[in-house]
Amino acid sequence: RDRGTVKPTPQIKSTTYNSITVNWGAVPGASKYAIATRESNGSYKTYTLDCTGTSYTINGLASNTSYQILVQANINGKWSSFSANDCITGKTVVDKTRPAPVIASTGDGTVTLKWDAVEGASKYAIAEYIDGSYKTYTLDCKDTSYTVSNLANGYKHTFLVQANINGRWSSF
């Protein structure tokens, strides 16, 4: 005899730059649901084992990134069986409050960074990540490009550009 639906069939309901909301139809007899993401190494990261509704928002995700999402039902104390094929793919969107700098040009001891304007930004901060902390070059860049000079040639340099929107700096 067919026992009916025993596995949730989740769908992507909505996405933001750091969250994905999934929903699914109720599974008959399920008392709760588990929500997890499948990591690139094949392991699973569990977000909850106690969802009693048919919708869940996974928070704290990376911007502009795809995730494999699994929803399991708990029926009579047992979790529904699953395989990687039961996962659905959701992708977070680009965080429009965070500048995405690119290298416009390099020279002898210099690099020019450029980025698209962030809506509502009054100014930008530019810093370099060095040995576990940030060296700030400016907190008051009004343009969408900035040239850093006096850099050591032949070394890798890592830069951060943040937007200031209504007095608050964008996350990084």
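Could you run through region 61-111 and say how many residues are closer than 28 Å to Thr144 by Cα and in contact (Cβ under 8 Å) with a residue 12 or more places away in the chain? Final tally of qualifying residues: 22.
Identify all residues within region 24-49 that are buried (at least 17 other Cβ atoms within 10 Å of the Cβ) and of a type outside the set (Phe, Trp, Tyr); write none if there are none. Once the filter is applied, which keeps residues that are buried (at least 17 other Cβ atoms within 10 Å of the Cβ) and of a type outside the set (Phe, Trp, Tyr), region 24-49 yields Val27, Ala30, Ala34, Ile35, Ala36, Thr37, Arg38.
Residues that are part of a loop (DSSP other than H, G, I, E, B), open to solvent by less than 50 Å² (accessible area, probe 1.4 Å) and at positive phi: does region 113-133 have at least one? Don't jump to the end; show me each part of the working.
So the first thing to find is which residues in region 113-133 are part of a loop (DSSP other than H, G, I, E, B), and the list is 115-120, 131-132.
Within this subset, residues satisfying the condition of being open to solvent by less than 50 Å² (accessible area, probe 1.4 Å) are 115, 118.
In the following step, the residues that additionally are at positive phi were identified as none.
No: region 113-133 contains no residue that is part of a loop (DSSP other than H, G, I, E, B), open to solvent by less than 50 Å² (accessible area, probe 1.4 Å) and at positive phi.
Residue check: is Thr52 touching a residue at least 24 places away in the same chain (Cβ under 8 Å), touching a strand residue (DSSP E or B) at 6+ places or on another chain (Cβ under 9 Å) and at negative phi? Steps first, please.
On the way: touching a residue at least 24 places away in the same chain (Cβ under 8 Å): no; touching a strand residue (DSSP E or B) at 6+ places or on another chain (Cβ under 9 Å): yes; at negative phi: yes.
It is false that Thr52 is touching a residue at least 24 places away in the same chain (Cβ under 8 Å), touching a strand residue (DSSP E or B) at 6+ places or on another chain (Cβ under 9 Å) and at negative phi.
For region 9-45, how many residues are under 19 Å from Thr92 (Cβ atoms) and part of a strand (DSSP E or B)?
Taking region 9-45 and keeping what is under 19 Å from Thr92 (Cβ atoms), we get 10-23, 35-40, 44-45.
The next check asks that each one be part of a strand (DSSP E or B); those that pass are 11-15, 20-23, 35-38, 44-45.
Total satisfying the criteria: 15.
Taking region 55-85 as the range and being closer than 17 Å to Ile12 by Cα, modelled with pLDDT under 95, in contact with a strand residue (DSSP E or B) (Cβ under 8 Å, 6 or more places away or on another chain) and buried (at least 16 other Cβ atoms within 10 Å of the Cβ) as the test, only Leu61 passes.
Considering only residues that are among the aromatic types (Phe, Trp, Tyr), assigned to a strand (DSSP E or B) and under 21 Å from the mean Cα position of the chain (by Cα), look in region 134-172 and name the one that is nearest to Asn18 (Cα to Cα). Walk me through it before giving the result.
Applying the first criterion (among the aromatic types (Phe, Trp, Tyr)) to region 134-172 yields 134, 137, 146, 155, 159, 169, 172.
Those left that are additionally assigned to a strand (DSSP E or B): 134, 137, 146, 159, 169.
Those left that are additionally under 21 Å from the mean Cα position of the chain (by Cα): 159, 169.
On the way: Phe159: 22, Trp169: 17 Å.
Once the filter is applied, the top-ranked residue is Trp169.
Would you pick out the residues in region 8-37 that are among the hydroxyl-bearing types (Ser, Thr, Tyr) and in contact with an Asp or Glu (Cβ under 7 Å, 6 or more places away or on another chain)? The answer is Tyr17, and nothing else.
In region 86-105, of all residues being at pLDDT 95 or above and open to solvent by 70 Å² or more (accessible area, probe 1.4 Å), the one that is nearest to Ala36 (Cα to Cα) corresponds to Thr89.
Identify all residues within region 137-165 that are open to solvent by 80 Å² or more (accessible area, probe 1.4 Å) and either among the basic types (Lys, Arg) or modelled with pLDDT of 95 or more (or both); write none if there are none.
Once the filter is applied, which keeps residues that are open to solvent by 80 Å² or more (accessible area, probe 1.4 Å) and either among the basic types (Lys, Arg) or modelled with pLDDT of 95 or more (or both), region 137-165 yields Leu139, Asp140, Lys142, Asp143, Lys156.
Name the residue, out of Ser133, Ser81, that is more than 28 Å from Asn153 (Cα to Cα) and hydroxyl-bearing (Ser, Thr, Tyr). I'd like the intermediate steps shown before the answer.
Working: Ser133 fails: more than 28 Å from Asn153 (Cα to Cα).
Criteria check complete, one pass: Ser81.
The values are calculated or read from the model by the stated rules, or taken from the named source; none is laboratory data. Source: prediction; values computed, not measured. Glycine gets a Cβ as well: all are built from the backbone with ideal geometry, and neighbour counts include every protein chain shown. All accessible areas refer to the heavy atoms of the entire protein, side chains included, with ligands and DNA or RNA removed. Shrake-Rupley method; radii C 1.70, N 1.55, O 1.52, S 1.80 Å.
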